[in-house]
Number of protein chains: 2
Amino acid sequence: MTQLTRRTLLGGSAAALSLGFPALGHAAAPAAGKQAPGFYRYKVGDIEVTVVSDGVNRFKVPDELVSNAKPADVKAALAAAFMSTEMFENTYTPVVLNTAGKLVLIDTGTGEAGFNGSKGMNGQFMNNLAAAGMNAGMIDTVIISHYHGDHVNGLLKTDNTPAFPNAEILVPAAEHRFWMDDGEMSRAPKGRMEGLFKNNRRVFSGDVIKRVKTYDSGKEVVPGITAVSTPGHSIGHHSHMISSAGKTVFVQGDVTNVPFLFARNPGWHPAFDQIPAQAEETRRKTYDMLATDKLMVQGFHYPFPSVAYVEKSGTGYRETMVPWNPTI
Amino acid sequence: MTQLTRRTLLGGSAAALSLGFPALGHAAAPAAGKQAPGFYRYKVGDIEVTVVSDGVNRFKVPDELVSNAKPADVKAALAAAFMSTEMFENTYTPVVLNTAGKLVLIDTGTGEAGFNGSKGMNGQFMNNLAAAGMNAGMIDTVIISHYHGDHVNGLLKTDNTPAFPNAEILVPAAEHRFWMDDGEMSRAPKGRMEGLFKNNRRVFSGDVIKRVKTYDSGKEVVPGITAVSTPGHSIGHHSHMISSAGKTVFVQGDVTNVPFLFARNPGWHPAFDQIPAQAEETRRKTYDMLATDKLMVQGFHYPFPSVAYVEKSGTGYRETMVPWNPTI
């Protein structure tokens, strides 16, 4: 702190000012070394949206990232988007909506522990929620799009108590039925699917499961928020149309993963999709709607703050990130 | 604050939790109504860059925004970029660099008063600098790209004292010579040019002018920061190449105004350019370099945080905004 004090003193000294240039020997300014808080606000009619980053996950680009494309083609697409061809970067972006005075969270992020031992890079939702002036106790409703860890793990604290102590938890009926079905679990392939079942049984238990209510497609689950069935990424995956006073935004969940790969190449099947052909059909149908209607999309895996428009481009779609608005 | 207290109490109550859902009559959450602070950090080798937003200026799209394009074509380009065709949005984005412990500011924003009576929308540099953990007294050097109000007005506080009390002020020699020349001022056309002369004589006087040092193109004005002549937008306009440990970013100043109009249409002459043909030549040469070298660009009028790559596209260039990095 010494240098800041010296600087402050110099700043207040008329004698020093008259020299015209900084005194020699000014102490060096320390690097800040810390990013700005990851939240962003905008309005959809009367609804206030706060985008709250859970952070980023970085891992070596897996050869099997896209099951029906050559790794070299995937790397070429990453390079064309000015992204690293070595390390895959995936952001996690829950949103909080203030609708009629209720605070509604859509998807939770990876929880306090984060993913892949990368605490500090992700698992940042609660820190950024606090930076946005909110806390977990203020959340009235959590809406879940689907049962993957980056969307549901944040329902639990590390001590296995509910992370949102005052919230009801609204989940897609078809999704909940599948993952809670013992027969489906017994038939799950070893590896990823088995792991997802185990994780979902861990998360949806105890005090969390007591707060769960299921919802179906087409229902206004909360005033201004309508569930839209967008299956394929998972069996009961849902998106959410936010509408107020003639304005709309489509909170797509994981209809695509990162747009610079999967909106641009809607026929590519990411390893994360449970039912690839259905996911592709949903992706094409959804993106056709987004482009035709010039409908703003909020994408969980879009670069923060994850708000974009899309247009038809070549054999797919191209996103234009909505410019950061310094006001709201 | 009453409702927050009630929420907190509910959160701590095991009895309330066992009900499974929030108690009815929960007080409504107030809208936050405030955007996140406008700063963003990244590294260029050993140099830490803090992008600090001065905010946004909004005004009715002027028919004369582009002197050599039809207003309808300009509106079509705005619509193609998913921007309003009625209100033009221009962001102002100074940057602070920590290079070898010296804090260097490139361009100042519009000053405390802001532009066009829009205080609150712009004139936000000092607020965002404080949010980033810095203050005006810590700035060792201010580098000016050119003498337009959104780049120099922040040198002065509203009481006409220097806004950066410990900073030397480095300005392009050709730019300074022009605006300080009484003959040039006497020949200036009425209107915009006359206004710029008056404004520059106001800003570059008193305690500010005492701190001014001029620089020439090709010089490393501060360790890691080299001035690059990019004339046309103004007679002595300069950009700045930031280099450290093999990494580079090109701080372009106003080689283009908003990229979705003027990078995509480098032949368009914005009303802001002093010498349109020379500005176009500079623009084409610079953007050819940026695209060929895949050189990251920091653009004063790019959407915050104003960092992008550009590629050739059609008859011009298309920008890809660099994804927000939750870490640095």
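Read the figures in this text as sums done on the coordinates, not as results from a lab. Every value quoted in this text rests on a predicted model; they were computed, and no experiment measured them. As a convention, Cβ positions derive from the backbone with ideal geometry for all residues, glycine included, and neighbour counts pool all protein chains shown.
Magnitude of the Cβ-charge dipole of segment B:246-323, K/R +1 and D/E -1, about the Cα centre, nearest 20 debye?
That gives segment B:246-323 a dipole magnitude of about 200 debye.
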task: List the residue from chain B whose beta-carbon is nearest to the axis that rotates chain B onto chain A, together with that distance in whole Å.
output: B:Met321, 3
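Taking beta carbons within 10 Å but only from partner chains, what does the mean come to for residues B:136-145? Don't skip to the end; give the middle numbers.
Values: counts 1, 9, 8, 4, 6, 2, 0, 0, 0, 0.
Mean inter-chain Cβ contacts per residue within 10 Å come to 3.
So what's the back-of-envelope 222 nm ellipticity for chain B, counting only DSSP H runs of four-plus at -39500 (n - 2.57) apiece and dividing by all residues, rounded to 500?
Numbers: 11 runs with 86 residues, N = 328.
Taking each H run of at least 4 residues, the total per residue is -7000 deg cm²/dmol.
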field: Rounded to the nearest 20 debye, dipole of chain B from Cβ charges on Lys, Arg, Asp, Glu
entry: 660
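Taking the Cα centre of the protein assembly as shown as the origin, how large is its charge dipole in debye, to the nearest 20, when only Lys and Arg (+1) and Asp and Glu (-1) carry charge on their Cβ atoms? All intermediate terms of the calculation are to be shown ahead of the outcome.
Working: 62 positive and 60 negative charges, 129 e Å.
Using Cβ point charges on Lys, Arg, Asp and Glu, the protein assembly as shown gives about 620 debye.
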message: With the label 7 angstrom out along Cα to Cβ, how close does B:Phe59 come to the same site in each of the other copies, in nm, nearest first?
response: 5.1
statement: The exposure ranking of B:Val52, B:Val74, fewest beta-carbon neighbours within 10 Å first, is B:Val74, B:Val52
- request: May I ask for the Kirkwood hydrodynamic radius of the protein assembly as shown, worked out over all distinct Cα pairs and given in angstroms to one decimal?
  value: 26.4
task: Report, for B:Glu184, each distance to the same residue's label point in the other copies, shortest first and in nm; define the point 7 Å along Cα→Cβ.
output: 7.2
- prompt: Looking at the square roots a ≥ b ≥ c of the eigenvalues of the Cα gyration tensor of chain A, which shape do they give, rounded for a/c under 1.5, prolate if a/b is larger than b/c, or oblate?
  reply: prolate
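If you rank B:Lys102, B:Lys60 by fewest surrounding Cβ atoms within 10 Å, what's the result? Could you put the intermediate results ahead of the total?
Values: B:Lys102 19, B:Lys60 10.
Neighbour counts put them in this order, fewest first: B:Lys60, B:Lys102.
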message: How would segment A:166-242 be classified by its alpha-carbon gyration tensor: rounded, prolate or oblate, with rounded meaning a/c under 1.5 and the a/b versus b/c comparison settling the rest?
response: oblate
query: So what's the gap between the Cα centers of segment A:263-328 and segment B:275-306, to the nearest angstrom?
result: 28
- prompt: For label points placed 7 Å from Cα toward Cβ, what is the shortest-first list of nm distances from A:Asn116 to its copies?
  reply: 4.4
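By count of other Cβ within 10 Å, fewest leading, how are A:Arg187, B:Arg58 ordered? Numbers along the way, then the final one.
On the way: A:Arg187 9, B:Arg58 15.
Lowest count first: A:Arg187, B:Arg58.
Sort segment A:191-299 into rounded, prolate or oblate with this rule: let a ≥ b ≥ c be the square roots of the eigenvalues of the Cα gyration tensor; rounded if a/c is under 1.5, and if a/c is not under 1.5, prolate when a/b is larger than b/c, oblate otherwise.
On the way: a/c = 2.48, a/b = 1.15, b/c = 2.16.
Oblate is the answer for segment A:191-299, as a/c is 1.5 or above yet b/c matches or exceeds a/b.
When you look at the Cβ of every residue in A:318-324, what mean number of other chain Cβ atoms sits within 10 Å? Please list the in-between numbers first.
Numbers: counts 1, 0, 7, 6, 3, 13, 14.
Neighbouring Cβ atoms belonging to other protein chains average 6 per residue here.
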- request: Please report how far the C-alpha centroid of segment A:159-222 lies from that of segment B:68-144, rounded to the nearest whole angstrom.
  value: 46
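Using a Förster distance of 35 angstrom, determine the FRET efficiency expected from the C-beta separation of B:Ala28 and A:Arg177, and round it to 0.05. Working shown, then result.
Numbers: r = 34 Å, r/R0 = 0.96.
It comes to 0.55.
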- prompt: Leaving out same-chain residues fewer than 8 places away, which lysines sit with a Cα under 27 Å from that of A:Lys34?
  reply: A:Lys60, A:Lys119, A:Lys157, B:Lys34, B:Lys43, B:Lys102, B:Lys247, B:Lys294
query: Which whole number gives the average, over all residues in A:302-308, of C-beta atoms from other chains lying within 10 Å of the residue C-beta?
result: 2
field: Cβ-defined net charge surrounding B:Gly38, 13 Å radius [Lys, Arg +1; Asp, Glu -1]
entry: +2
